[in-house]
Structure formats: C-alpha cells, structure tokens
Amino acid sequence: MDAQARRKRIQEIEKLLVHHKQLYYRGRAEISDAAYDALEDELRDLDPSSYALQVVGYEVGEQKIRHERPMLSLDKSREVEEIIGWMAGQACAVSYKMDGSSASLVYEAGKFVLAKTRGDGTFGENLTRYFRTIRFPGLLFDPHWRGRDVEIRGELCISKARFDELADEMARRGLGRPKSIRNIVAGLLHRETELDLCAYLDFLGYEIFSDELGLETETQKFDLLASEGFATPVHERLDSPDAFPDFVERYQRALESHAYLTDGLVVAIDDLAAQLARGFTAHHPKGKIAFKFKSDTAVTSVRSIEVDVGRTGKLTFVGQVDPVELSGATVQRVTLHNAKYIEDHQINAGCRIEITRSGEVIPKHEQTIETAGAYRFPTACPRCGTALVRSDTGVDLVCPDPACPSRSLGRIANWIDVVDIEFIGDETLAKLAERGLVEGIADLYRLRVEDMEVLEGLGRRSARNIVESIASSKRLSLAAFLTALGIEGLGKGVAKLIVQAFPSVAALEGAGRDELLAISGIGEVLADNLQGGLTSFGWPLLDELSGLGVEIADEGSAAAAGGQALAGKTFVITGTLSRPRKEIQRLIEQHGGKVAGSVSKQTSYLVCNQASSSSKYKKARELDVAVLTEEELDALVQA
C-alpha cells in the first residue's frame, strides 16, 4: 500500500470507529464487537498514534457534568504471555470485565446525590433519574464514608435471566421485543419515556474514589463495596503471574454459565501504591489492563440444525456449518441458543451466516446474511417422544416430561461437574444408568465398587477411583449445592449472590419470594424457579443426601468449621497421590489455605509425596519452598 492509499485508509477507519463508537454507547450498534475490534486493530497497525484510538466514550449532549477525576478507558491485550509480562511479578486483582454501560455514583456524607455516564471521559451525562428504580445502596453506613464525598464507579448490566423478563415486559407494552441482550442497557439509558424499565438493571461496583480511605489494595476495594451491599464482578487475587493462565482457563470453562455478559478480564496491580506509581496516559491508567480473547469472524453456510434436550427440558440447537478457520481451529458447529433466537434471526439449513469465536468453546452466530426459508421445529421430544410445548416466555421449546432420560441424565451430569466428582464421564454415566445403578443424584452416593467393576471398560481399579472421588464430594458449600441442583438460571454467579444474603440452609429455607427479589440480580422468573426448584427437588434431595453422609456447610463457616490452621498459606499440589487431588485441595481450602497452579515466590508449601523430576518440584527446590507429604499436610492441619 503506497503512502496515499495508506493515508486514505487511515481516514476511512478513523471515521468508521468514531461513528460506530457513538452508536454503541447509545445502544444502536450496527456492527459486531468482533468487527469493531478488527477495525481498531487495523488502525493500530497503520497508525498507532491515531486520535481515534485515544477517544474515550462518546460526545455528550447538553446535560453534561464534569467528572472530578477523568473516567478513562483501559488498555488491552489478547495475549496471556503479554499480560504475565505486564504483571512484572506483582500480585494482581483479576475481575470479570462486565459488558454493560459504565456509570459513576456520587455520595455526599454517605447519601447518594448524583449518577453520571462515562461520556467522553471528562464530561458525563446525568443519569440520576434512571437510578430511581435501580436497586443499589442509596446510603453508605461504613465509618469510612462519614463526612466525606465519595465516588463509586461500576457497570450497569442486565443478567441473562432478567433480560428475558425485560423482553416480555417491553413486548407487553408494545415497545417491541429486543432481540439481543447486547447493547440493551445503553438503549434503556437513552429512553425519554418508560424509565421504570431500568428496574431490570443491576449496578456492579468496582472502583472507589475518596480522600483518606486507608485502602491499601484493589482487593480491599471490592471487599468494602460488598460490605456496603454493592454487587461486584467476580474477582480473585492472584499472588503470582503464574496463576493467570489457570484463571483464564477457569473463566473460559464457565463462560456460558456467567450470570451476566462479560467481555474479558480486568487485571489490576493489587497494591494501590504500586498501581498508582505506574502513572496514566490520556487514554488509560497504566496500573490496570483489560485482557480480551482474540475475536475472529467468518461467513459460512448452515448445513443442518442439531437438536438436543437439556437438564431443564429446554431444547438446545447447534448448527452444523461448512468448515471454516477461526482462531487457528477448524469450525464446523455454531451455537444457535433457542427456538426464539432461530425465529428472530431466520436461521435454517442453507442460509448464510456470520460467526464469531472469542473465547467460547463453540463459536456463536453474529448475524444472518442470506436467509433460506423458515426452519420447521420438531413437535416431539427427540429423546422420549413427548409432545413439545412452548415456555411461558415463548423463547424455548420444552419437553414437559420430568422423567425424560435427557433431563434426568443432564441433571446428574451437572451435579457431577459442579461438585468435582472425577472419573465419571458421559459414557460411564450412560452405562450406570442403563444398568439401573444411577437413576438420580442420590444414587451416586450409593454406588459400590462391586456394582461397577463388572461394567464394560471399568474394572476394579476404575470403580474404586469413582467411589473414592464420590466420597470426597460429601462436604459441600451451600453455593456449590445450589449450583449443582441445575435449577434454571441458577449458575455460580447467582448462587454467590444468594448465599451472601442467606448464608445458611436454615436462612434460605425461611426466605420468602419478596426477600429473594430484594437480591440484586434476581428477578421474578428466577425467584420463582428457585423457590419451585428447592421445594419440589432441592430440599427433598438434601434430606436424602443427609442420610447418605453428605453435609452442606453454611457459607463462610466451612473454614471456621475446619479451623484456620492454613490461613494465609498458598499450596501447590503435584506428583502421585493416595487420594484424589480435588480432595486434598478441598482440605486445604476448608482450613483457610489457598491452592495455586504453579510454584512461585509466594508459594508456602509444595504437597508432594516423593522427590521427582517434575518442573514444580524443581522450581520449589530453586526457590527454597518447603515440601510436604500428604501425612505432613494432615499433621499441619491437625496442629
């Protein structure tokens, strides 16, 4: 490309970026996030100093209010190794990057007085009237706030469960049913009427500004916000950069079950003094950075649509597409979500679609480019033949038979995954079900070695491993128990919100519908699902499991019950062990310790039964990290 063509292309991209950023922040995006990122990356290659790359937010209107401190954006990286280098050996706080609209709340002497958008980073627009129906703390009670002006920044989001409720309500009011959760928040914040629809939004806090708060770490910010009743993004302190790849892997595995849309991760130097010492640019702070997955798009044709039944009876749809290359992998399948999604986007065999892969295991549909007629939905369940029905929301096709094999096995498989039972994959579970050994979750805790060793492909050793792994899952946190039930809409994030409000089985059993609705992030549908699921299935199962030796620890009391003998200690586990690795990890965590994936200067102990040539053992020796056998670990716990 010659200089003239290069300059022309730079100008084209700059105009496009500014145009699409304005539309995005007003909830009227015309292109996908992946397409926008591709334009930004192209401009960065052509002209890294372009003004369009420094633009923060959008141009504000007449109702503008100055930010006391600039509300900057974040620099970003799509390379794990680049983030590890950026961390420079320092401990970091890593949190989910929420995909909503940024907002700033101003409090005077502990009382909420003003809400603002990010705007252009220097000026924001007044959002106060929109917050009249949003649930958030209007008063701050901690002594930290007394006599001080405080600014709390965060993200306005809508949970996936509440989006369906909002869509129904907007359709009922004749406002048109929104087709996509993405950008709906920005759309609501630019409405001049029906402002009460903002009651479906949640505010998740992540930043505090005030004089002399005495906070020393980023992690303490999250703790202080949570103590005041603010919902916060999922977050974790990583003692070493070596732990970042493991966190990314866990984030990816849980991507589909996140309560909210997320857009990667935010990595912040945990020590605030060190974070601030890195300084700022006009665009971003240097002590924080966003990690985003590489986005890749392609256009392909749908060959066919596969149908399956999930654990709640809802039909799931996956498109088989002509093979294309995305992010270095050959893609032949794409997630199509539910029946309403297929209808709204006119998807059928033969249509041409744009697909995106950005962190997901299975790529997602972005838009339909050429249609090919209406898809003919099945009328009977593909597993049990029961006549299908539409859900109350009209979004899903559902098999109403609670005894449907797919529903039963799906619920058991979800339990196995959440409580970390090893050695039982889908194939083994199917064999156990065929022999009548497992018909429900409680049957897992009745399995015996002699019952399973005769199954094809198992044998006595495999059967013993399964029984031992099941035994190690008999002590569960309340959050894990709730997540493992497989109640619709109740993922790990929602379970965490619930146990913050009701930290014990007794407290949750006594909670009424209105008390559940008072929890930020829980709407009417989810509250009804939770109450109905616990009454019809959850509490009876708990009674049955209790008789089989399963214990549910009250949230926050697991460590107290086990003591704090390992508090403040970080462990790494390696080598051949006498019991499942997850059992040892659970033991450490129940006694206040943390388990990391790799050895670093912050590692307190390496759990390893014998000397080995493994990289973890060598690293521990290099750093003079103490090595414990399992017996020595047990003795340390009992001391």
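The values are calculated or read from the model by the stated rules, or taken from the named source; none is laboratory data. As the structure is a prediction and not an experimental result, all values here were calculated from the model. Cβ coordinates were reconstructed from backbone atoms using ideal geometry, including for glycine residues, and neighbour counts include every protein chain displayed. Accessible surface is based on the protein model in full, side chains and every heavy atom, while ligands, DNA and RNA are left aside. Shrake-Rupley method; radii C 1.70, N 1.55, O 1.52, S 1.80 Å.
Overview of results
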| read-out | value |
| --- | --- |
| The chain - accessible surface per residue (Å², probe 1.4 Å) | 46 |
| Which listed pairs, of K97/K286; K364/K474; K314/K594; K221/K288; K21/K496; K496/K618, have C-alpha distances above 26 Å, in listed order | K364/K474; K314/K594; K21/K496; K496/K618 |
| Efficiency of FRET between D75 and T128 - r from beta-carbon atoms, R0 30 angstrom, step 0.05 | 0.45 |
| Cα shape, the chain, gyration tensor, a/c 1.5 rule | rounded |
| Environment charge of E456, counting only residues whose C-beta is closer than 12 Å and scoring Lys/Arg +1, Asp/Glu -1 | -1 |
| Length released on extending from E192 to F280, taking residue separation times 0.36 nm less the Cα-Cα span | 28.1 nm |
| The stretch 327-353 residues near the modelled S304 label - backbone nitrogen below 14 Å, point 7 Å along Cα→Cβ | 333, 349-350 |
| Alpha-carbon centroid distance for the pair the stretch 568-620 / the stretch 303-366, whole angstrom | 40 |
| At most 14 other Cβ within 10 Å, DSSP loop - trypsin sites (Lys or Arg not before Pro), the stretch 186-253 | R191 |
| Radius 10 Å from Cβ of S102, net charge of other residues (Lys, Arg +1; Asp, Glu -1) | +1 |
| Gain upon complete extension [E544, V318; 0.36 nm per residue less C-alpha separation] | 77.7 nm |
| Shape of the stretch 386-513, Cα gyration tensor, a/c cut at 1.5 | oblate |
| Counted charge near T574, where neighbours are those whose Cβ lies closer than 13 Å (Asp, Glu -1; Lys, Arg +1) | +4 |
| Estimated FRET transfer efficiency (S227, D417; beta-carbon r; R0 35 Å; 0.05) | 0.65 |
| R376/S180 FRET efficiency (R0 25 Å; Cβ-Cβ; nearest 0.05) | 0.55 |
| Stretch gain in nm, segment L53-A471, where the contour uses 0.36 nm per residue and the Cα spacing is subtracted | 145.0 nm |
| Percent carbon-and-sulfur accessible area, the chain, ignoring ligands, DNA and RNA, probe 1.4 Å | 48 |
| Shape call, the stretch 58-181: gyration tensor on alpha carbons, a/c limit 1.5 | oblate |
| Normalised contact order of the stretch 370-435, rounded percent, pairs of Cα under 8 Å and 6 or more residues apart | 18 |
